[in-house]
Amino acid sequence: MNRILVVDDEANIRLLYAEELTDEGYEVATAASTAEATEKLQQQSFDLAVLDIKLKNESGIELLQKIVKERHDMPVILCSAFSCYKDDFSAWLADSYVVKSGDLTELKEEIKRVLAKKAQRKAAGL
Amino acid sequence: MENDTATQWECCWDRDQIQVGDCPNLGEGDEDLLSSRSRRVLEKCCNCEKFKRDLERFYASGHPLAPMFSILDEGYRRQRSHIQSLSSFLDTKTLETRFMHELGSVLQSSVDLEEVLSVALTAITSGKGFGMNRAFLLLADKERHFLRGHLAIGPRSAEEAGQTWHEVATSDLDLQSLSHAFRQNKLSAERDKFQDILARLVISMDDIHHIIVSSLEEKKPLLVQNAFHNPDVDPELARLLGVDTFLILPLIARNRRVGAILTDNFITRQPITDEDLRSIETFTFPVAFAIERASLYERLQVEVAKLQEANRKLQEQQELLVKMEKMALVGRITSSIAHSIRNPLMVIGGFARSILKATPQNDPKRDFIDSIVAEAHQMEEVLDEILTYSDALYPIRDFWDVNQLVETTLREIQDKVITQNYTCRYHPADGLPAAYIDYKQTSYCIRNILLGTIDGLENGLLEISTRLEGERVEILIDDRSRRLSEDELEALLTPFAETHEMGSGLNLALCRNMLEKQNIPLLVVAPPDAGVRYSIKLPTRKEEQP
């Protein structure tokens with residue numbers, strides 16, 4: 001079972017992601033801040049992280065940079081309420097981008113695609 | 001001479017009172033002279049043959065006063081002739097002064113170059129003016145490098161002369177009316193008629209040996225005679241005019257060489273006298289000033305027009321600035337609101353979906369949950385639209401093939417076109433240069449305009465074309481099926497305004513904002529009964545970018 005870390009400062013969104021992704025067969029952990037996410041990343045291993053770009057007083061991009069640096073084998077999907085994230089070149093480090101929506105179909109498909117790609121890479125020994 | 005009863009005089013000078021018929025020199029209106037001997041003698045007897053014979057008889061009589069009388073008579077006749085000559089000269093000068101006054105009034109009151117020229121040339125050639133046959137006007141160009149034939153007036157043949165002069169003689173018009181009629185009816189025809197000569201009357205103002213330039217240099221009119229054999233006259237000029245004698249009238253105003261008039265008697269071959277030259281010379285000063293003033297006025301008008309155009313552009317820029325500020329404000333507000341709305345909306349929609357999944361098909365609450373899902377979805381779509389609007393602030397440009405862009409966009413909306421049973425005709429121009437644009441944004445705008453046009457209307461006609469407009473590639477979208485009022489057109493371009501015909505104004509306002517960020521004007525016009533036309537002019541060079 002793939003483990004996914006969801007990072008979002010909104011409790012309801014964390015809950016929604018957890019419900020929906022669990023239904024999809026993933027094991028889901030959530031974090032409300034960069035610090036909490038860092039802590040969980042140190043404690044457990046995850047197959048994928050779903051990050052909100054705009055956390056309360058923090059930037060999801062900074063967390064993304066940290067993950068890429070320390071856990072380069074873990075793919076990251078960025079979520080945002082606003083598509084302007086593409087203007088920040090650091091955001092290009094992410095494996096995928098999804099605009100937040102009540103319809104999680106796109107996010108779920110991206111998770112599948114990114115995980116499949118990771119598995120392919122692993123199989124190829126990269 | 002005394003009244004000797006023995007002498008029978010032939011003339012009636014010796015009688016105080018005479019009867020009608022006694023003096024053959026009295027005519028109608030001379031009744032007063034029948035009883036006034038002194039006036040009759042002074043006014044009539046001098047020219048009377050009978051009196052002349054009486055005088056001869058008196059001189060032959062040997063009377064001692066006869067030689068003295070002869071001296072007085074001769075002196076009187078000479079003075080009388082002189083007075084008559086002066087009177088005639090005075091009459092001529094009075095007419096000339098009146099004419100010059102009329103001419104001056106017309107010239108001073110006009111700032112219209114064509115009118116001034118018409119008056120000047122009519123004055124030279126009309127019988128009431130200087131009565132010359134033809135006149136050619138040469139004007140200095142703006143840089144004052146060349147004199148160029150500008151206008152000519154007069155007949156080219158004896159037949160035409162007879163006809164024209166007859167018309168003028170019978171019309172009884174004053175100078176102003178004559179020149180007005182000339183300007184209205186004949187000016188361009190005369191110009192065309194003399195075009196062959198005017199086109200060849202080009203003289204360098206640096207050619208100081210040319211007789212016309214020389215006349216301008218000396219600021220003196222010139223009576224040119226024996227032109228065909230005159231070493232001072234350019235043979236080409238003599239050949240062009242086809243006359244042996246002509247006048248050159250330099251036009252000088254405030255020491256500036258304005259031009260020159262050449263005038264001649266091409267038809268009548270009447271000699272031109274020094275008196276003619278002196279008369280016309282006085283006329284050239286007001287003409288030169290009037291031409292200079294009218295030319296300056298014309299240039300002033302051009303400058304005023306430029307200023308007005310600059311003002312209009314400035315006004316447009318100000319309006320644009322206000323509009324852009326409004327747009328930018330709308331952008332900031334919408335992106336801020338969107339951020340705050342997106343998360344709760346996502347939660348509402350997301351959980352509604354989750355609940356819906358877990359709700360049995362026959363549960364009556366399913367409809368309510370369905371509604372929540374649908375409404376949340378619709379709100380998300382509106383939010384996306386608003387956010388795209390804010391997103392338009394940062395275009396990424398490159399060189400793209402415009403025809404390909406339009407074709408791709410048309411393919412994207414093909415399904416909608418078919419569903420609405422719309423007819424779409426595309427007329428791409430060949431050989432267009434690549435446009436320097438943000439492909440994604442431009443394509444989005446064209447698609448939105450096309451969809452907005454098709455939306456809500458069936459069986460319509462849409463024509464799309466591309467063409468080169470100066471240095472820009474223009475995309476024209478002609479919606480032949482709609483009619484919009486001015487208010488509706490304004491609403492169409494205002495964010496969040498609604499038009500009865502085409503729904504929310506956000507889409508088109510968004511497109512305009514997106515394009516304006518790339519310095520691409522989007523013009524929408526809706527002439528009455530001619531549909532709606534959208535024009536997008538794309539730059540083809542990087543320098544055109546803001």
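What follows draws every value from the coordinates through simple rules; no lab data is involved. Because the structure is a prediction, the values reported are computed rather than measured. We place every Cβ from the backbone using ideal geometry, glycine too, and count neighbours over all the protein chains shown.
Rounded to the nearest 5, what % of the DSSP beta bridges within segment A:3-123 are antiparallel ones?
So the antiparallel bridges amount to about 5 percent of the total.
Modelled label positions at B:Val111 and B:Leu300, each set 7 Å beyond Cα in the direction of Cβ, lie 0.4 nm from each other.
Placing a label point 7 Å from the Cα of B:Glu143 along the Cα-to-Cβ direction, the residues of segment B:182-210 whose backbone N falls under 14 Å of that point are B:204-206.
Take the Cα of B:Val382, step 7 Å toward its Cβ, do the same at B:Glu471, and the gap between the two points is 4.4 nm.
For the residues A:Val7, B:Val322, B:Val233, what sequence is obtained by ranking on other C-beta atoms within 10 Å, fewest first?
Numbers: A:Val7 29, B:Val322 10, B:Val233 21.
In increasing order of surrounding Cβ atoms, one gets B:Val322, B:Val233, A:Val7.
Among the listed pairs A:Lys56/B:Lys517; B:Lys142/B:Lys542; A:Lys100/B:Lys440; B:Lys193/B:Lys220; B:Lys93/B:Lys219, which have their C-alpha atoms separated by more than 26 angstrom in this model? Check vs 26 Å cut-off fails for A:Lys56/B:Lys517; B:Lys142/B:Lys542; B:Lys193/B:Lys220. Applying a 4.7 Å Cβ-Cβ cutoff to chain B leaves B:Cys11, B:Cys12, B:Cys23, B:Cys45, B:Cys46, B:Cys48, B:Cys424 as cysteine residues with no disulfide-compatible partner. This ranking places B:Cys445, B:Cys46, B:Cys23 by how few other beta-carbon atoms lie within 10 Å of each, fewest first, which gives B:Cys46, B:Cys23, B:Cys445. Residue-wise HN-Hα couplings along segment B:118-127, as the Karplus relation 6.51 cos²θ - 1.76 cosθ + 1.60 with θ = phi - 60° gives them from phi, are 4, 5, 4, 6, 5, 4, 5, 9, 6, x Hz; Gly and Pro carry x.
Rounded, prolate or oblate: which fits chain A when a ≥ b ≥ c are the square roots of the eigenvalues of the alpha-carbon gyration tensor, with rounded for a/c under 1.5 and prolate only if a/b beats b/c? Rounded, because the longest to shortest axis ratio a/c is under 1.5. Backbone phi angles across segment B:362-372, fed through the Karplus curve with coefficients 6.51, -1.76 and 1.60 (θ = phi - 60°), yield HN-Hα couplings of 8, 6, x, 6, 4, 4, 5, 5, 4, 4, 4 Hz in residue order; Gly and Pro are listed as x.
Extension gain, B:Thr359 to B:Asn459, is 31.7 nm, computed as 0.36 nm per intervening residue step minus the present C-alpha separation.
Shown for B:Met100, A:Met1, B:Met514: other C-beta atoms within 10 Å of each C-beta, ranked fewest to most, produce the order A:Met1, B:Met100, B:Met514. FRET efficiency for the A:Glu109 to B:Ser157 pair, using the beta carbon distance and R₀ = 56 Å, is estimated at 0.05. Near B:Gly259, the amide H atoms lying under 5 Å from its own belong to B:Ala140, B:Leu251; only residues 5 or more places off or on other chains count, and H is placed 1.01 Å from N.
Considering only DSSP states other than H, G, I, E and B, which trypsin sites (Lys or Arg not before Pro) in segment B:87-167 qualify as loop sites with at most 13 other Cβ atoms within 10 Å?
Answer by residue number: B:Lys142, B:Arg144.
The amide H of A:Thr30, built 1.01 Å from its N in the peptide plane, has A:Val6 as neighbours under 5 Å, considering only residues 5 or more places off or on other chains. So what's the back-of-envelope 222 nm ellipticity for chain B, counting only DSSP H runs of four-plus at -39500 (n - 2.57) apiece and dividing by all residues, rounded to 500? Using -39500 (n - 2.57) per qualifying helix, the result is -18000 deg cm²/dmol.
Only aspartates and glutamates eight or more places from A:Lys54 in sequence, or on another chain, were considered; those with a Cα closer than 18 Å are A:Asp8, A:Asp9, A:Glu10, A:Glu36, A:Glu62, A:Asp87, A:Asp88, A:Asp95, B:Asp384, B:Asp391.
Peptide B:346-355 shows a mean partner chain C-beta count of 6 within 10 Å per residue C-beta. Computed extension length for B:Glu375-B:Glu43: 107.5 nm, one decimal, from 0.36 nm per residue of separation with the Cα-Cα distance subtracted.
In this calculation the C-beta distance from B:Met68 to B:Asp174 is compared with R0 = 41 Å, giving a FRET efficiency of 0.15.
On the basis of the beta-carbon distance and an R0 of 45 Å, B:Arg15 and B:Leu86 show a calculated FRET efficiency of 0.90. In chain B, taking the dipole from charged Cβ atoms about the Cα centre, the farthest positive-side position among B:Gly21, B:Leu468, B:Ser279 is held by B:Leu468.
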